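The structure appears below as structure tokens.
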Protein chains: 2
Amino acid sequence: MAFINNETLNVFKQKANQLVNRTFDKHINLAVTGLSRSGKTAFITSFVNQLVNENSQSKLDFFNVIHQGRFIAAKRVPQKSLHVPRFAYEKSLSAFTQTPPTWPEPTHGISELRLAIRYQPEDSLLKYATDSVTLYVDITDYPGEWLLDLPMLNQTFEEWSDATNLLLTQTIRRDKAQPFLDKINQLDPFEAVDEDKLAELSAEYTELLLHFRHQLGLSVIQPGRFILPGDLQDAPILQFFPYTNFNNIDIDQYQNADDNSLIGMLRARYIEYKERVVKTFYKEHFVNFDRQIILADCLTSLNSGPESFKDLQHALNLIMESFNYGKSGIFTRLFSPKIDKLLFAATKADHVTPEQHEQLTTLLNQLVHQTQHQLSFDEIQMATLAIASVKSTKSGVGEHQGRKIPVIQGRRVGDDKLITLFPGTVPNKIPHQEFWQNKTFNYVSFAPLDAVAENQALPHLRMDQVLEFLLGDKIK
Amino acid sequence: MAFINNETLNVFKQKANQLVNRTFDKHINLAVTGLSRSGKTAFITSFVNQLVNENSQSKLDFFNVIHQGRFIAAKRVPQKSLHVPRFAYEKSLSAFTQTPPTWPEPTHGISELRLAIRYQPEDSLLKYATDSVTLYVDITDYPGEWLLDLPMLNQTFEEWSDATNLLLTQTIRRDKAQPFLDKINQLDPFEAVDEDKLAELSAEYTELLLHFRHQLGLSVIQPGRFILPGDLQDAPILQFFPYTNFNNIDIDQYQNADDNSLIGMLRARYIEYKERVVKTFYKEHFVNFDRQIILADCLTSLNSGPESFKDLQHALNLIMESFNYGKSGIFTRLFSPKIDKLLFAATKADHVTPEQHEQLTTLLNQLVHQTQHQLSFDEIQMATLAIASVKSTKSGVGEHQGRKIPVIQGRRVGDDKLITLFPGTVPNKIPHQEFWQNKTFNYVSFAPLDAVAENQALPHLRMDQVLEFLLGDKIK
């Protein structure tokens, strides 16, 4: 058989091997979300970084494929959706490699990244058939605000307006919202609409939402797209607002109002928003997700006080509806989501002392499992973890009034000063008035501690447990 | 019949009248485009302004419905496409009403505006049936660059690359493009692709396009979406570039290259761009247009020299393909456009002396009717006009070396100085070498002359002829 030389034969072997491998290759769509500033960009950057830089010094003991020595390598490969922005991994990583390191710029809207993870199977069938298998992980990063919109699908314009009115008249929002509410309540809802006036009032409502989010640190922002409009900037579909005076108008007249009346146009745009913005996200993206991680920054909310914390609670509640397939008529009617694992992660766990992590996890667990709709997620396996995507503090022991106490040390955001402190205890259940009165908690924002080399794994807390929960069963 | 009082009867009459009117109401989709800086925003602002402020002082004699006294009123009404940004009429108009007036900010991407024009019909049938009829005009504003992409639909990646290579090696582009071309020509097209490198080179190619457009004043920019990406910013679909070394590679190997090779990925993204970006515009917008006006700034190109002028010629040629239904296989295969009137307008006619307008019109006419594809537009009625959407100069007579010559006077952009000059003669055909050598033309940019009141009609040149050509037959 002189016709086939060794080189050719090797190529054949290689091709045959590739073919076999492809047959066993696996694929998973992993969605990452969180309300803005919950740390999505740092999370994805660290997630990728841990895998592509995996080596003997890695600290991923709880990720079984690594613990068992079956992990071969991971790398970023081209994504399939060419029209979705690529997650800016290199750029985000460079925030951690520069001196001094900083937190990466937040992402806007949606972005994607595909990882190929090669490993040796332990699975008895695969083990004898092939040396290595590749798991493809498509990571989609999207704003958690988009999930806050889901409940709108079940609400009429009237119902949504009433719910939003309730929100706007809560103590924490009322001060800032009152001038807007006064204007709305003085409108004649049945007058012929003036589109420019409507655009102006919508801009004012959007300003309110931005203030709630960025100045007051609140979480419940509806409609979510108003604060990140993208190409829909200045489109009528983003120019509406809640009508807050339903109690004082004739409902029959409202039902019969046509689209050229002020209230008719508000209603028409609300309906179009649901159809074209909310549903589109669920149909084009959400239904494809296999697994979801939701990041929540409980500490900042605890720090901001009871109203802000209650708002986070409310937001998590609204977000949960997207995973409550059984109860939500929307899903059975419109979509068939297939998420089978859902992870809630309390981020920035490195900002409290280590013995507080369990309390932080318990607290998030309570937030998630609270409330009226005691979810029964038959199809979904859930977990809660306290994590730090990129660890920015060192923990140790200090002394306070002669007693040894646990402390953390980090570089404070703002003045860059290295400080050592005990930020206080995290309540292990949803705190009552007493907690807020005593104010035993004082959380400080830290910058990343030391710059890392580009091929070095970032320091973290429990990213290995995150990996194991989200990917472990697919990588056996 | 005491049961029906006068008020009720009037309401009945009114309702009956409304019902009849609606039956006779008409509708037209008018598209406005032009390469960037051709004056689209000023044009639409003036178009709307002339109609909504129509009164006894208006200067719209050539618009028959007004000349005949049948025009009643016009106003902006809500548009139908709620997801398309609203054209910022108020904001643009305010540029002309402030002191000193300026040109409005240019638009980005697509926007819409709907006008309702009420008039008395002269049509014999309508005349006896109703007092007034409404013509609804949906104006869509979109970048002319989007039309430059159409020819790509008929080109393979190889053909497009070769054509673009030719463009990049033209005298005017070569200097700036050479470093980019050198890099591309040194690439191994069959190597495994590095997406980050590809993103980097695409960014460099986009920089080139922006330089050609804004620094060199060139018109042929492909792919058009690269310079106005919107939500597609950072998406792989906008991360490709021409491969400029096809002459030196094995075409069989190219044909067989898979998507993970550098050239394979370039090709895949080029194909996806055509499918998802180019075709989508034609399918969602272009097919709905009834009439089109294309604005061209010939004077700036004449001023910039022969290369820039030749480039405008080339761009108009590419644009014409979108209206050449008969010859273009793309349309018969994919779309059924229905445009029946096409107006080419040479903008900024007020920047030359009045006796030059005819030459300017003739010149544009030649540009449009030039070239290989001597279009036979069976279905499309075409016209050419020299216009000023908002007139920014006064014309008069001056003296030069003892001879009386025509002059214009205006406020020069930059130093705001009031200057009087004769900018030179406009060639009445595509200029030859001699014209460029003698350089008898020196065009100066003028700012709007005097602020207008908000309800005052803007000064203009031939906007009435524009209105008559685009709307006249629908408003009889």
Check your understanding: Being over 19 Å from B:PHE226 (Cβ atoms) and open to solvent by less than 50 Å² (accessible area, probe 1.4 Å), is that true of even one residue in region B:173-183?
Key -> no
Study note, to complete from the structure: The residue that is nearest to the other protein chains (Cβ to nearest Cβ), considering only those in region A:255-306 that are among the hydrophobic types (A, V, I, L, M, F, W, C) and in contact with a Gly (Cβ under 7 Å, 6 or more places away or on another chain), is A:ALA257
Review point. Here are some conditions: (1) within 25 Å of B:HIS314 (Cβ to Cβ); (2) within 14 Å of chain A (Cβ to nearest Cβ). B:GLU200 meets all but one. Which one does it not meet?
Key: (1)
Study note, to complete from the structure: Note: among A:PHE309, A:PHE335, just one is buried (at least 21 other Cβ atoms within 10 Å of the Cβ) and not hydroxyl-bearing (Ser, Thr, Tyr), namely A:PHE309
Review point. If we only count helices (runs of 4 or more DSSP H) wholly inside region A:239-339, which ones have 1 or more residues that are within 30 Å of the chain's Cα centre (by Cα), hydroxyl-bearing (Ser, Thr, Tyr) and not assigned by TED's automatic domain parsing to the domain that holds A:GLU112?
Key: A:262-273, A:279-284
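Across region B:427-448, what is the number of residues that are more than 30 Å from B:ILE380 (Cα to Cα) and open to solvent by 60 Å² or more (accessible area, probe 1.4 Å)? Spell out the reasoning first.
Residues of region B:427-448 that are more than 30 Å from B:ILE380 (Cα to Cα), as a first pass: B:432-448.
So of that shortlist, the ones also open to solvent by 60 Å² or more (accessible area, probe 1.4 Å) come out as B:432-434, B:437-440, B:442.
Going through region B:427-448 one residue at a time, the tally reaches 8.
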Practice item. Please work out which one of (1) farther than 22 Å from B:LEU302 by Cβ; (2) open to solvent by 60 Å² or more (accessible area, probe 1.4 Å); (3) touching a residue at least 24 places away in the same chain (Cβ under 8 Å); (4) among the hydrophobic types (A, V, I, L, M, F, W, C) is the condition B:ALA451 fails and give its number. Key: (2)
Review point. With respect to B:ASN64, is the statement that it is modelled with pLDDT under 90 and of a type in the set (S, T, N, Q) true?
Key: no
Review point. Which of the residues belonging to region A:105-115 are buried (at least 17 other Cβ atoms within 10 Å of the Cβ) and either in a loop (DSSP other than H, G, I, E, B) or among the basic types (Lys, Arg) (or both)?
Key: A:THR107, A:GLY109, A:ILE110, A:ARG114
Revision key, fill the gap. By residue number, the members of region B:146-196 that are out of contact with any helix residue (DSSP H, G or I) (no Cβ under 9 Å at 6 or more places or on another chain) and either of a type in the set (A, V, I, L, M, F, W, C) or within 14 Å of another protein chain (Cβ to nearest Cβ) (or both) are B:LEU166
Exercise for review: Scan (1) of a type in the set (Val, Ile, Thr); (2) free of Cβ contacts under 8 Å to residues at least 40 places away in the same chain; (3) crowded, with 20+ Cβ neighbours inside 10 Å for the single condition B:THR280 breaks and write down its number.
Suggested key: (3)
Review point. So B:TRP103 clears everything in (1) closer than 23 Å to B:GLY34 by Cα; (2) touching a Lys or Arg at 6+ places or on another chain (Cβ under 7 Å); (3) more than 14 Å from chain A (Cβ to nearest Cβ); (4) not basic (Lys, Arg) except one condition, right? Which one?
Key: (2)
Study note, to complete from the structure: Note on B:TYR243: of the conditions (1) within 14 Å of chain A (Cβ to nearest Cβ); (2) surrounded by 20 or more Cβ atoms within 10 Å (Cβ to Cβ), unmet is (1)
Review point. Within region B:226-237, can you find the residues that are within 11 Å of another protein chain (Cβ to nearest Cβ) and open to solvent by 20 Å² or more (accessible area, probe 1.4 Å)?
Key: B:LEU228, B:PRO229, B:GLY230, B:ASP231, B:LEU232, B:GLN233, B:ASP234
Check your understanding: If you go through region B:83-100 one residue at a time, how many are more than 8 Å from chain A (Cβ to nearest Cβ) and assigned to a loop (DSSP other than H, G, I, E, B)?
Key -> 4
Check your understanding: Which condition number does A:ARG118 fail, the rest of (1) assigned to a strand (DSSP E or B); (2) within 12 Å of another protein chain (Cβ to nearest Cβ); (3) in contact (Cβ under 8 Å) with a residue 40 or more places away in the chain; (4) open to solvent by 10 Å² or more (accessible area, probe 1.4 Å) being met?
Key -> (2)
Revision key, fill the gap. Every listed condition ((1) within 14 Å of chain B (Cβ to nearest Cβ); (2) over 24 Å from the mean Cα position of the chain (by Cα); (3) closer than 18 Å to A:LEU312 by Cα) holds for A:PRO143 save (2)
Exercise for review: Mind listing whichever residues of region B:43-82 are within 14 Å of chain A (Cβ to nearest Cβ), in contact with a helix residue (DSSP H, G or I) (Cβ under 7 Å, 6 or more places away or on another chain) and open to solvent by 50 Å² or more (accessible area, probe 1.4 Å)?
Suggested key: B:LYS75, B:ARG76
Review point. Which members of region A:198-240 meet the condition of being within 14 Å of A:THR164 (Cβ to Cβ) and either touching a residue at least 60 places away in the same chain (Cβ under 8 Å) or of a type in the set (Val, Ile, Thr) (or both)?
Key: A:THR206, A:LEU218, A:VAL220, A:ILE221, A:GLN222, A:PRO223, A:GLY224
Practice item. Evaluate region B:402-410: report whether one residue or more is open to solvent by less than 80 Å² (accessible area, probe 1.4 Å), in contact with a Gly (Cβ under 6 Å, 6 or more places away or on another chain) and of a type outside the set (Lys, Arg). Key: yes
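The values are calculated or read from the model by the stated rules, or taken from the named source; none is laboratory data. Please read these numbers as outputs of a predicted model, since none were measured by experiment. Every residue, glycine as well, gets a Cβ built from its backbone with ideal geometry; the counts of neighbours run over all protein chains shown. Please note that ligands, DNA and RNA were not included when accessible areas were found on the heavy atoms of the full protein model with its side chains. Shrake-Rupley method; radii C 1.70, N 1.55, O 1.52, S 1.80 Å.
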